[in-house]
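Participant: Starting off with a structure, shown below.
The values are calculated or read from the model by the stated rules, or taken from the named source; none is laboratory data. Only a predicted model underlies this, so the values are computations on that prediction, with no experimental measurement involved. With ideal geometry, Cβ positions are generated from the backbone for all residues, glycine too; neighbour counts draw on all protein chains shown. Each accessible area value is taken on the protein alone, full model and side chains, heavy atoms only, with ligands, DNA and RNA left out. Shrake-Rupley method; radii C 1.70, N 1.55, O 1.52, S 1.80 Å.
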Amino acid sequence: MMNPGKPRKRKVVRRVILIVLLLALAGGIGWFAYNSLKREYTTTYDTYTATTGSISNALSFSGNLSLIDNASYTATSSSTVKTIYAPVGADVKEDDKLLRLANGETVTAGFDGRVNVLNFAEGDAVAAGDTLVQIADFAHLLVTFRVDEYDISDVAVGQACTVTVTALEKSYDSSIAAIDYISASTGNVAYYSATAYVDVDGGALPGMQVTVTIPQEEAKDVVILKVDALSFDNTNQAFVYMKNDAGELAQVNVTTGVSNGNYIEITSGLSDGDEVYVEAKAEETSSGGLLSGLFGGQQFNQPPTGPGGNMPNRGNFNGERGNWNGGERSSGSGGQRSSSGGGGN
C-alpha cells in the first residue's frame, strides 16, 4: 500500500533547501554590495609642504579724507570786481593776490592752496558780505578713522601707517597724529577716533574712502605653513600629521608664531621641505544615499585620533595673533586684521 505522506515530505524538504539557498545568495549579494559601497568612502589626504619665507600681519581701518585748510573771502562793502588775479583751478601761495575790487579792497591767499570757487567775473557788482572766492589746500589732507575697543590697545600716537586711497589704489606713508580716547558707541561696541595727516598728489580728494594700515608683527626667513595644515588637541596644542619611518601617519607637535590668516610661522617641530598631511573631506558618490541609509552617514577609515581618543580640533588658535580665521576681524566700520606673506603648499 502506497504511503501518500512521503512525496509531500520530499516537496517540503526541497522548498526548505531552496529557501536556504535563496537566503544565502541574497546574503552574499548584500555583503558584496556592503563592501563595494563601503569602499566608496575611502579617506584621502591633502599634502602641505613647509617652506621658508616671510610673514607679517597688520591692523586695518576704514576712514576718509578731509580738508585741513580751506577759506572763503567776502566783500567788506559794496563795489565792483576790478581785477581777477587767480582763476578757478589756479594754484596759489600764501599772500598771493586773488582779486581786487574797484574800491581798492584786495583779497589775498592766507595759505598755499588752489582756487576752488570764484563767484564773480571782472566788472560784476558785489554787495557787502558776498562770498567772492574760496581756496582750499588739496595737497595736505586729514585722515579720520575709527578704532574699536578690541584694537585700541594696539594703536598709539606716532605709529607708522600706510594710507591707501581706495578709488585710486594709491598708497601714502603717514603716522598716527592723534587719538580721541572719549569713546562713541555703536551698539555694544565702543569706538575711538584717530587721525593722521597725509601729503597726496593729484587725484586724491576730500571725502574719498581710505584704508589705514598699521603694521604689527613680522617674521623674516622663517619656516611657514598653511594654517589649513594645522590641527589642535583638546589642550589646544598645535600639531600636524607626518609619515614616520614605517610610512604611517604620526602626530607631531609644533610651536607656532606669527600668523597672517593664511600662513603661520612654525618656530619648532618642522623644517623647510617637510610634508604634512590633513584628511580631505570625504565626498559621497551617486550611491551615497544608499550608503548613508545603510551606515547612518558614518565615514570610514578615520585618521588617527588626538590624545584621549578625541578627534583633533581643526582651526582653533585660541588667541594667536593675526586672527587667522578668515584672515580678518571686522567690527562695523572699525578695525580689521589684514595680512601679507606666505608661500608654498
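Participant: Across region 125-137, what is the total count of residues that are part of a strand (DSSP E or B), open to solvent by 40 Å² or more (accessible area, probe 1.4 Å) and hydrophobic (A, V, I, L, M, F, W, C)?
Facilitator: So the answer is 1.
Participant: Would you confirm whether or not region 255-271 contains a residue that is buried (at least 20 other Cβ atoms within 10 Å of the Cβ) and small (Gly, Ala, Ser)?
Facilitator: Yes, region 255-271 contains a residue that is buried (at least 20 other Cβ atoms within 10 Å of the Cβ) and small (Gly, Ala, Ser).
Participant: I've got another one for you. Condition check: touching a strand residue (DSSP E or B) at 6+ places or on another chain (Cβ under 9 Å) and within 27 Å of Gly53 (Cβ to Cβ). Does Leu230 satisfy that?
Facilitator: Against the criterion (touching a strand residue (DSSP E or B) at 6+ places or on another chain (Cβ under 9 Å) and within 27 Å of Gly53 (Cβ to Cβ)), Leu230 qualifies.
Participant: Test Phe61 against the criterion of being open to solvent by less than 60 Å² (accessible area, probe 1.4 Å), of a type in the set (Phe, Trp, Tyr) and part of a strand (DSSP E or B), and give yes or no. Talk me through it step by step, then tell me what you get.
Facilitator: Working: open to solvent by less than 60 Å² (accessible area, probe 1.4 Å): yes; of a type in the set (Phe, Trp, Tyr): yes; part of a strand (DSSP E or B): yes.
In short, yes.
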